[in-house]
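Notes follow the structure.
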Amino acid sequence: MNRRRLLAVGAIVSLAGCSTTVERSVDSNPDPEDVIRDAIETRKGVDSIAGRRTVTAESAETDGGEMKRTERIYERPPANQRLEVLDATNAVVSPGTVTVTTRPITWEYDPTENEAIKRHHPHRVFADRVRLVLEDVLEECCLTYEGTDTVAGRETHVIEVAPPADADVERSIDILVGDTRYVIPLEEVPQEELDDAEVIRTIYITEEERYPIKERNVVTTGETELHSLTAAFEEVTIDGDLDDEVFTYDPPADADVSVTGLEPEGIYDSPATAETVAPYDLPDPDLPEPYELDRVTVVETDARTTTTLWYLDPEWPEREIYVSVRDEPRFNEDVLERVEVNDHEGFYRDGRVESVFWNCGGLSYEVSSPDVAEPVVEIAETIDCD
């Protein structure tokens with residue numbers, strides 16, 4: 001089946017697979033592919049990241065003007081993140097800006113306007129962009145080992161990621177160091193110059209933990225540097241004692257607060273409590289080990305109710321399965337593959353989210369597995385809906 005793919009290398013697209021190593025002693029230099037593989041495994045198992053990060057950008061369009069911002073970052077991948085801007089020069093954000101994201105809600109606070117936005121996203125699924133970037137680097141990029149360097153008091157392996165000659169340049173990039181997307185300001189660069197441009201990405205991965213803590217991205221055309229973007233931790237704690245309270249947020253008492261998105265009727269810790277609000281009985285599917293129920297969300301829109309049971313792997317929270325029940329269908333059977341679910345006609349979808357849909361007992365059901373493949377049809381067959 002088609003495994004989910006995500007634009008994760010940012011400015012590097014459609015990169016051919018290859019690996020080269022600068023001529024040094026084999027005993028003293030690791031294979032860059034092995035270092036990236038280790039970083040992927042580290043990211044899969046990491047529980048928390050906390051640190052102070054500096055992002056610096058320079059662009060030829062601003063006559064060498066530099067944008068610099070320093071941020072405090074807390075992460076519990078893949079969903080929970082808190083980002084506080086401590087200092088910023090020539091940036092579109094101001095010191096005091098705060099963004100806090102959890103699975104159901106994102107808070108954004110702008111200190112210049114003293115405004116806070118609370119965004120509900122009860123149906124959002126979270127892919128680990130850092131892992132996806134690293135996997136794309138490993139599978140599609142040309143890697144060169146460039147020795148070692150010291151970053152945030154740690155010895156790091158420096159790996160250059162170079163695109164083939166025909167790679168395109170995009171205008172945004174996913175930052176490995178802190179899981180953030182940045183827009184590269186190339187609006188004023190003529191398209192013919194971008195057609196000849198290339199991006200070189202350099203990743204710094206710690207020797208001890210095998211974790212990326214610095215990267216530098218340079219967009220060049222010929223001898224001209226169009227743009228550079230460097231993100232680096234000045235200090236970082238990996239898998240430290242991080243309190244979950246850091247992912248809660250209360251705006252200033254005098255802030256202007258607005259609310260957007262689909263606000264659920266409730267988020268519950270069990271199907272039994274959710275059934276006090278949902279207008280129908282909820283299913284009890286059999287999930288493969290080690291999945292456990294994380295939460296149940298009930299959302300009402302235009303007199304229709306969608307109830308979703310979310311299951312997570314406690315050892316790898318990116319592994320997620322959800323089961324949804326709706327008053328009426330929300331799928332287009334004409335573009336889906338037909339399958340059978342307990343003698344009912346079902347409809348299967350592959351892609352970044354693998355899903356099976358079917359109607360039964362006057363309700364519409366969905367079982368989905370984002371990013372990581374699970375037997376969604378087999379799980380659906382454990383649901384008694386007659």
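The values are calculated or read from the model by the stated rules, or taken from the named source; none is laboratory data. None of the values given here were measured: they were computed from a predicted structure. Every residue, glycine as well, gets a Cβ built from its backbone with ideal geometry; the counts of neighbours run over all protein chains shown.
Key figures for this structure:
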{"quantity": "Subset tally (residues that are more than 23 Å from P314 (Cα to Cα), β-branched (V, I, T) and surrounded by fewer than 19 Cβ atoms within 10 Å (Cβ to Cβ)) for the stretch 271-301", "calculated": "3"}
{"quantity": "Residues of the stretch 275-296 classified as outside any loop (DSSP other than H, G, I, E, B) and farther than 24 Å from E378 by Cβ, total", "calculated": "0"}
{"quantity": "Selection within the stretch 234-249 - assigned to a strand (DSSP E or B) and either more than 19 Å from the chain's Cα centre (by Cα) or surrounded by fewer than 12 Cβ atoms within 10 Å (Cβ to Cβ) (or both)", "calculated": "E234, E235, V236, T237"}
{"quantity": "Breaking point among (1) out of contact with any helix residue (DSSP H, G or I) (no Cβ under 9 Å at 6 or more places or on another chain); (2) of a type outside the set (F, W, Y); (3) at pLDDT below 95, for D256", "calculated": "(3)"}
{"quantity": "Filter result for T224 (exposed (fewer than 13 other Cβ atoms within 10 Å of the Cβ), among the hydroxyl-bearing types (S, T, Y), more than 22 Å from the chain's Cα centre (by Cα) and over 27 Å from E84 (Cβ atoms))", "calculated": "yes"}
{"quantity": "Residues being in contact (Cβ under 8 Å) with a residue 40 or more places away in the chain and hydrophobic (A, V, I, L, M, F, W, C) - total across the stretch 280-308", "calculated": "3"}
{"quantity": "Count of the stretch 103-150 residues which are touching a Phe, Trp or Tyr at 6+ places or on another chain (Cβ under 9 Å), closer than 30 Å to Y322 by Cβ and part of a strand (DSSP E or B)", "calculated": "7"}
{"quantity": "Residue in the stretch 362-380 that is modelled with the highest pLDDT, counting only those that are crowded, with 19+ Cβ neighbours inside 10 Å and of a type in the set (D, E, K, R)", "calculated": "E366"}
{"quantity": "Only listed residue being within 23 Å of the chain's Cα centre (by Cα) and surrounded by fewer than 16 Cβ atoms within 10 Å (Cβ to Cβ), chosen from V46, V92, V85, V98", "calculated": "V92"}
